[in-house]
Amino acid sequence: MQVFELLRHGTTGNDWALDGLNIYASVADAVHAEECNDSVHVFYPEKLADKAARFLNGFRGTNLYAVKANPHPVILKSLWNAGVRDFDVASLREVELVANTLPGANLYFMHPVKSRQAIRYAYAMGVRAFSFDSLDELIKIEEETSYATDLKLFLRLGVSVKGAAYELTGKFGAPLDLAPLMLQRARLSAQRLGVCFHVGSQCMRPEAFADAIGQAAAAAKAAGVTLDVIDVGGGFPVAYPGMEPPALEEYFRVIHAALDANGFADTATLCEPGRALVAEAGAVAARIELRKGEELYLNDGTYGALFDAGVPEWPFPLDLIASDDRAMSQEVIGYRAYGPTCDSCDKMAGPFPLPADVREGDWVVFEHLGAYGISMQARFNGFYSETMVAVTGK
Ligand SMILES: Cc1ncc(COP(=O)(O)O)c(C=O)c1O
């Protein structure tokens, strides 16, 4: 959206945020009315507003939304309406997307490996916060910003913690023994110096954040530098079948206590929630195109919004919407499923517990897929969905 359009519509209000989405009272109403050939992305605006309020009221620092979790403009605008002003972006496209959709947003380029062009363009577009996990990346940032003196530099630490259902260690993060040297070096060019880390996605133990904060404090102490800011990253969980994490507020309590205990009581603090902000605010409704015994062929799959259902075999709460008004069987079967592409990787082991009499034309609703659903969609074989609806009153 262009700036003039934004000004014309204003930057608040449901009309602006929902941007012409059809609005329904239930997912069943939506899939029946849309008569869509593709799967349907469902957005629950009230759930997003509630979750954003819990972060904004409960976490004592600044909340950066991790755009990768769901970059749809409707989500970005709805978060803006809820009061989120800060965004963690991972690529130049995400920089452009957020800058164009929300011209007043503060952007943090928190991918520890960026191209030179991305650093240069992002800086020219006003981005000042960058992360790095090696001296070579730090030097790239310095060179491509012409040794700017207004940089906020975050060393991504390779913290050693346990408790995440989806580990993010291994690929990124400075080794803890090298971190002090990197902090000393970055102090020379940073206007504001910080550390960041990621305890892993869907972190089931609040104490993992406390452990990571302790490791960050130890690195800063060994370096003899004062940190201006500490970014505790993403990883906040939501409830999925078989995964019942402690309440979000318990995570905030543990994090705040660990910050105080490690000498960060007056240090600016950030977090970067993705999943926990948006997962419950979305669902994906996929239609059964064919049933073969206990195998269902769906119109969405691992090359689409159901990547997480198929590849890491993530368990989602399910609903079944019948294509007609028949009473569904009480007997439940654990189904396997296939996505629509011709690739044999496009399969989902499940088992997906659904009524014994599901049939072609019924819709399987994967709830809590507001995160890492639409953002994972490829266009392989021409199967992808651009249909998003809002379901209100939930
Ligand atoms: C740098 C960074 N920040 C935040 C997030 C969001 O994590 P989550 O969705 O687990 O909250 C990720 C996810 O990969 C990430 O890489």
Under a 5 Å amide H to amide H cut-off, with H placed in plane at 1.01 Å, what residues pair with H198 once short-range neighbours are removed? V159
Suppose we flag GluC sites (Glu not before Pro) only when DSSP calls them loop and at most 12 other Cβ atoms lie within 10 Å. Which is the longest uninterrupted stretch of the chain? 36-312
Heads up, segment 78-151 by the C-alpha gyration tensor (a ≥ b ≥ c square roots of eigenvalues; a/c under 1.5 rounded, else a/b over b/c prolate, else oblate) looks prolate
First select every other residue whose beta carbon is under 9 angstrom from the beta carbon of R205; then total the charges, Lys and Arg +1, Asp and Glu -1. -1
Considering amide H positions built from the backbone, and no H for Pro or chain starts, which residues 5 or more places from W314, or on another chain, come under 5 Å of its amide H? A309
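So what is the relative contact order of segment 266-394, in percent, for Cα pairs below 8 Å that sit 6 or more residues apart? Show your work: numbers first, answer last.
On the way: 262 pairs, mean separation 46.2, N = 129.
Relative contact order of segment 266-394: 36 percent.
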Using alpha carbon centroids, what distance separates segment 275-319 and segment 129-152, in Å? 40 Å
Per-residue ³J(HN,Hα) for segment 218-227, Karplus 6.51 cos²θ - 1.76 cosθ + 1.60, θ = phi - 60°, Hz, x for Gly and Pro: 5, 5, 5, 5, 4, 7, x, 10, 9, 8
Debye sum, Cα scatterers, segment 1-124, no solvent: what log₁₀ I/I(0) at q = 0.14, 0.16, 0.17, 0.22 1/Å? -0.70, -0.87, -0.96, -1.28
Over the chain, relative contact order from alpha-carbon pairs under 8 Å, at least 6 apart, %: 21 percent
With the chain treated as a Gaussian network of Cα nodes joined by springs under 10 Å, which of R192, R379, R116 yields the largest mean-square fluctuation? R379
Enumerate the calculated ³J(HN,Hα) couplings along segment 122-131 in order (Karplus 6.51 cos²θ - 1.76 cosθ + 1.60, θ = phi - 60°), each rounded to whole Hz, writing x wherever the residue is Gly or Pro. 4, 4, 4, 8, x, 6, 10, 9, 9, 10
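If each DSSP helix of 4+ residues adds -39,500 (n - 2.57) and the sum is divided by the residues in the chain, what number results at 222 nm, nearest 500 deg cm²/dmol? Display every interim value, and only then the final one.
Working: 13 runs with 122 residues, N = 394.
Helix-only estimate at 222 nm: -9000 deg cm²/dmol.
What are the semi-axes of the equivalent ellipsoid for the chain, taken as the square roots of 5 times the Cα gyration tensor eigenvalues, largest first, in whole Å? Please list the in-between numbers first.
Numbers: eigenvalues 305, 106, 74 Å².
The three semi-axes for the chain are 39, 23, 19 Å.
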Other-chain or far-sequence residues with amide H under 5 Å of L151's (modelled H): Q191, R192
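How much net charge surrounds A82 when only the other residues with a Cβ under 15 Å from the Cβ of A82 are counted, with Lys and Arg +1 and Asp and Glu -1? Present the calculation step by step, with values, prior to reporting the outcome.
Details: positive: K47, K51, R54, K77, R85; negative: E46, D50, D86, E280.
Surrounding charge for A82 is +1.
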Calculate how steeply helix 248-261 sits against the longest principal axis of the alpha-carbon atoms of the chain, using the helix alpha-carbon long axis, and give the answer as 0 to 90 degrees to the nearest 10. 10 degrees
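Within segment 117-205, report the chymotrypsin sites (Phe, Trp or Tyr not before Pro) that DSSP leaves as loop and that have at most 10 other Cβ atoms within 10 Å.
Y147
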In whole Å, how far is the Cα centre of segment 247-268 from that of segment 49-84? 20 Å
Rank these for me by crowding, S189, S78, S160, going from fewest to most other beta carbons within 10 Å. S160, S189, S78
In 5 Å bins starting at zero, report the fraction of Cα pairs in segment 137-211 per bin as a rounded %. 3, 16, 23, 19, 15, 12, 8, 3, 0
In degrees between 0 and 90, to the nearest 10, how far off the longest principal axis of the chain does helix 45-58 point, with axes built from Cα atoms? 30 degrees
With Cα atoms, 0 to 90° folded angle of helix 135-144 axis to the chain main axis: 90 degrees
Enumerate the calculated ³J(HN,Hα) couplings along segment 336-344 in order (Karplus 6.51 cos²θ - 1.76 cosθ + 1.60, θ = phi - 60°), each rounded to whole Hz, writing x wherever the residue is Gly or Pro. 9, 9, 10, x, x, 6, 8, 7, 6
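For a distance above 18 Å, tell me the whole-number percent of Cα pairs in segment 265-394 that qualify. Walk me through the intermediate numbers first.
Values: 4535 of 8385 pairs.
It works out to 54 percent of all Cα pairs.
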Just want the ordering: C271, C345, from fewest to most Cβ atoms lying within 10 Å of their own Cβ. C345, C271
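Laboratory data are not the source of any read-out in this text; all were calculated from the coordinates shown. Note that the structure is a prediction, hence the values are computed from the model and not measured. Heads up, the Cβs are rebuilt from the backbone with ideal geometry, glycines too, and the neighbour counts pull from every protein chain shown.
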